[in-house]
1. So, in the stretch B:39-55, of the ones that are within 12 Å of chain A (Cβ to nearest Cβ) and part of a helix (DSSP H, G or I), which residue ends up surrounded by the most Cβ atoms within 10 Å (Cβ to Cβ)?
2. When both residues are 6+ apart or on different chains and their Cβ atoms are under 6 Å apart, which pairs have a first residue that lies in the stretch A:37-50 and is within 10 Å of another protein chain (Cβ to nearest Cβ), and a second that is in a loop (DSSP other than H, G, I, E, B)?
3. Would you point out the residue of the stretch B:230-273, among those that are in a loop (DSSP other than H, G, I, E, B), buried (at least 21 other Cβ atoms within 10 Å of the Cβ) and at pLDDT 95 or above, that is farthest from the chain's Cα centre (by Cα)?
4. Please work out if residue B:153 is part of a helix (DSSP H, G or I) and over 22 Å from the mean Cα position of the chain (by Cα).
5. Counting only residues that are in contact (Cβ under 8 Å) with a residue 40 or more places away in the chain and within 26 Å of residue B:299 (Cβ to Cβ), how many does the stretch B:25-56 have?
6. Could you figure out which of (1) assigned to a loop (DSSP other than H, G, I, E, B); (2) buried (at least 18 other Cβ atoms within 10 Å of the Cβ); (3) of a type in the set (D, E, K, R) isn't true of residue B:301?
7. Out of contact with any Phe, Trp or Tyr (no Cβ under 8 Å at 6 or more places or on another chain) and more than 11 Å from chain A (Cβ to nearest Cβ): which single residue out of B:293, B:223, B:243, B:256 fits that description?
8. Hey, could you check the stretch A:126-157 for residues that are without any contact (Cβ under 8 Å) to a residue 60 or more places away in the chain, more than 14 Å from chain B (Cβ to nearest Cβ) and within 17 Å of residue A:104 (Cα to Cα) and say which is surrounded by the fewest Cβ atoms within 10 Å (Cβ to Cβ)?
Amino acid sequence: MPQDTAPTIPRVPPALAAALGLLPRTPVALALERTVRRIAVAHPGLIRRLGPHDRARFVLDPTDLPFVICLEPNGGDVRVGVCGRPGQGTTRIAGPLAALLGLVHGAYDGDALFFSRDLVIEGDTAAALALRNAVDDAEIDLSGEIARLSGPFAGPVRRLAGVAERMTGVSLSRPEEIGAW
Amino acid sequence: MVMEIVCPAGTPAALRTAVQAGAHTIYCGFADETNARNFPGLNFSREEMAEGVAFAHAHGAKVLVAINTFPRAGAETLWHAAVADAEAAGADAVILADLGLLAHAARHHPGLRRHLSVQAAAANADAINFYGREFGVRRVVLPRVLSVSEIAAINAETGVETEVFVFGGLCVMAEGRCSLSSWATGESPNMNGVCSPASHVKYREEGGALSSTLGGFTINRVAAGKPAPYPTLCKGVFRAGTAEGHLFEDPVSLDAAALMPALRDAGVTALKIEGRQRSRAYVGQVVRAFRAAVDALEAGREVPSGLLTRLTEGGATTTGAYKKTWR
């Protein structure tokens, strides 16, 4: 039986978090929005699975970063904002950046993160659950999506993501397919 | 005979993960109130079900479709359509709980194998044999209230296959009859397919402590750093006289891996993993672990256990009623 060896969830070092906090928010938000729109087009089930929550305002709060991401699926016309404070949202999903990325990539189980208190949900629990289930089914690969948007730099971007993943233990891409039993 | 591993899938991605992790069989449901995990963002459309069945069959695995809520009077067509659509999708069996739906399936879909859901709470040989005789039920999922010796006694008195839970959420209520969720929210797993619906759940963090409310009732408050339980009434904290605590049920998960040899000797056909509401990360890890355990058992090797604690509620496991140490 394989070992249950899920490591402790890594945290963004404070110095790096402070540096990321200095990034101009509008260009970061635009880049994120472009990526998420592309993902939504590639995975139409993502919006469909949100059902009645597809116009909710999701506040994604990486607790080890000095900003939050506001995601509005808006029925498929996705909008993304980056703000300094959580502000008003339908629901807030908070946890270390590595936990949120691990959820996106299927590296972590949302319920297990909730049990261990690494993940906090506030506001509309049903909306948060719908988003989590929709994302889990979409089998998203963020590094792959960013690489595809990087044109001639796709190869270096992928390699850089791979190195960063190995060095930090943070899930930056969808894990390799498990071989058939 | 090798015990069959029956694995949960709440989404097509989880189904593919389960198949690739070594599941013999996957159970799943349609995205409506016909199944007992009717959660936001979860479950299968008709098209996804057909694709999932085709994928599983191509890899030598089976698919069971859970249609295990109780139809509302006057709305039976939704449940009847689910049975017909499961058959059309190529499902290997349907998992049913309601007497009327069992009768309908037996009459109109005689070629479709029928399993009895745990929601039917059939916990003795007489009840199981009734379902076998009257509705052609071929397998029963046993409630999580029986000891291994009681399961062995049932198997000695019935020709209906038995399937038992070995891992995941632990429900110790009379399943299909529990009214705790509907008392607090008006919705239940039995009728609406959801226990403690997320739309009625609120979490609040104050000073590091996490409060959970269900239908406006505060049912739990855990201190900073302590594990959080599911927001179900059965795992809430209650005050009775001077005592305060988990009066119904502790927030722990079932892990009966260590009992697999005993369950095999008791005549169990299939081992069920709970968790259609869980992610593909959970499905992959748990299925892979239990498939390895079944293979170890068949090869005469020791069956390891207790290796999935990180995925469990409360970070703790129990063998539940299989070993009734309180008796």
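1. B:52
2. Listed by first residue and then by second, the contacts come to A:49/B:41; A:50/A:73.
3. Checking each candidate, the answer is B:266.
4. yes
5. Selection size over the stretch B:25-56: 2.
6. Here residue B:301 meets the rest and fails (2).
7. Matching residue, one of B:293, B:223, B:243, B:256: B:243.
8. Filtering first and then ranking leaves A:144.
The values are calculated or read from the model by the stated rules, or taken from the named source; none is laboratory data. Given the structure is predicted, the values throughout are model-derived calculations rather than measurements. Cβ sites come from the backbone with ideal geometry, for glycine too, and all protein chains shown count toward neighbours.
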